[in-house]
Amino acid sequence: MDRSQKADLVAELKDVFAETGVVVITRNLGLSVAQSSDLRSKMRDAGAQFKVAKNRLAKIALEGSDYSPLSDLLTGPTALATSSDPVAAAKVAVEFAKTTDRFEIVGGAMGTTLLDVNGVKALAELPSLDQLRGTLVGLIQAPATKIARIAKEPGGQLARVLAAKAAA
């Protein structure tokens, strides 16, 4: 990799760190190509990215960003899982770590908040952004549905009384 390619990679990583909601640092302990492809596919499906980058270049890209405390975690064969949804990358990484012992979570960060392994696991247990939106829409719609039901109920009762009188 020549100097210009390294500069391009650092610039790309800086853009990723500027736009992301969460960064999860993982350690690859010998994943096969099939396992790595499977992980990347799952990340992509969840709206996250999984990138292996040289630690030195990642540390340069982290300088001056909200995620600069992560520099200490970049030792050994590491990779970065990122997503704009604060839960997506953590959820996929934790689920994948349960399936293989060759992949472990080192830590992560959400904005300026540094997360240890347990923090990333706790983040993965939270509902995703789409699930929260669905719950919120359901909560907003529920009162309107109840009001409509209450408003039409007296008319329904009157119709049932009249139908009973007509039948008798």
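Does GLY64 qualify as being open to solvent by less than 50 Å² (accessible area, probe 1.4 Å), within 30 Å of GLN5 (Cα to Cα) and either of a type in the set (Gly, Ala, Ser) or touching a His at 6+ places or on another chain (Cβ under 7 Å) (or both)? When the stated conditions are applied, GLY64 does not pass them. Note on segment 47-58: among residues that are aliphatic (A, V, I, L, M) and assigned to a helix (DSSP H, G or I), the one that is surrounded by the fewest Cβ atoms within 10 Å (Cβ to Cβ) is LEU57. Among residues that are assigned to a helix (DSSP H, G or I) and of a type in the set (A, V, I, L, M, F, W, C), ILE105 is not included.
Here PRO69 does not qualify as part of a loop (DSSP other than H, G, I, E, B) and not charged (D, E, K, R).
Check whether at least one residue in segment 120-134 is within 23 Å of ARG56 (Cα to Cα) and part of a helix (DSSP H, G or I), and report yes or no. No, segment 120-134 contains no residue that is within 23 Å of ARG56 (Cα to Cα) and part of a helix (DSSP H, G or I). Scanning segment 4-33 for residues that are small (Gly, Ala, Ser) and part of a loop (DSSP other than H, G, I, E, B) turns up GLY21, GLY30, SER32. Kindly evaluate ALA93 against the criterion of being of a type in the set (Gly, Ala, Ser), under 18 Å from the mean Cα position of the chain (by Cα) and within 19 Å of ASN28 (Cβ to Cβ). Yes: the conditions hold for ALA93. If you go through segment 89-102, how many residues are in contact with a strand residue (DSSP E or B) (Cβ under 9 Å, 6 or more places away or on another chain) and either in a loop (DSSP other than H, G, I, E, B) or at pLDDT below 90 (or both)? Qualifying residue count for the region: 1.
Applying the selection to segment 18-46, what residues are over 15 Å from GLU104 (Cα atoms), open to solvent by less than 50 Å² (accessible area, probe 1.4 Å) and either at pLDDT 90 or above or touching a helix residue (DSSP H, G or I) at 6+ places or on another chain (Cβ under 6 Å) (or both)? VAL22, SER41, MET43, ALA46 - these are the residues of segment 18-46 that are over 15 Å from GLU104 (Cα atoms), open to solvent by less than 50 Å² (accessible area, probe 1.4 Å) and either at pLDDT 90 or above or touching a helix residue (DSSP H, G or I) at 6+ places or on another chain (Cβ under 6 Å) (or both). Please list, ordered by first then second residue, the pairs with beta carbon atoms under 7 Å, 6 or more apart or interchain, first in segment 110-126 and more than 21 Å from ALA18 (Cα to Cα) and of a type outside the set (Asp, Glu), second surrounded by 17 or more Cβ atoms within 10 Å (Cβ to Cβ) and modelled with pLDDT under 90. As it stands, the answer is ALA124/VAL87; LEU126/VAL87, since those pairs meet every condition given. Scanning segment 68-86 for residues that are over 22 Å from MET1 (Cβ atoms) and open to solvent by 10 Å² or more (accessible area, probe 1.4 Å) yields SER68, PRO69, ASP72, LEU73, SER84, ASP85, PRO86.
The values are calculated or read from the model by the stated rules, or taken from the named source; none is laboratory data. Since this is a predicted model, take the numbers as computed values, not measurements. We place every Cβ from the backbone using ideal geometry, glycine too, and count neighbours over all the protein chains shown. For the accessible areas, the whole protein counts, side chains as well, though only heavy atoms, and no ligand, DNA or RNA atoms are used. Shrake-Rupley method; radii C 1.70, N 1.55, O 1.52, S 1.80 Å.
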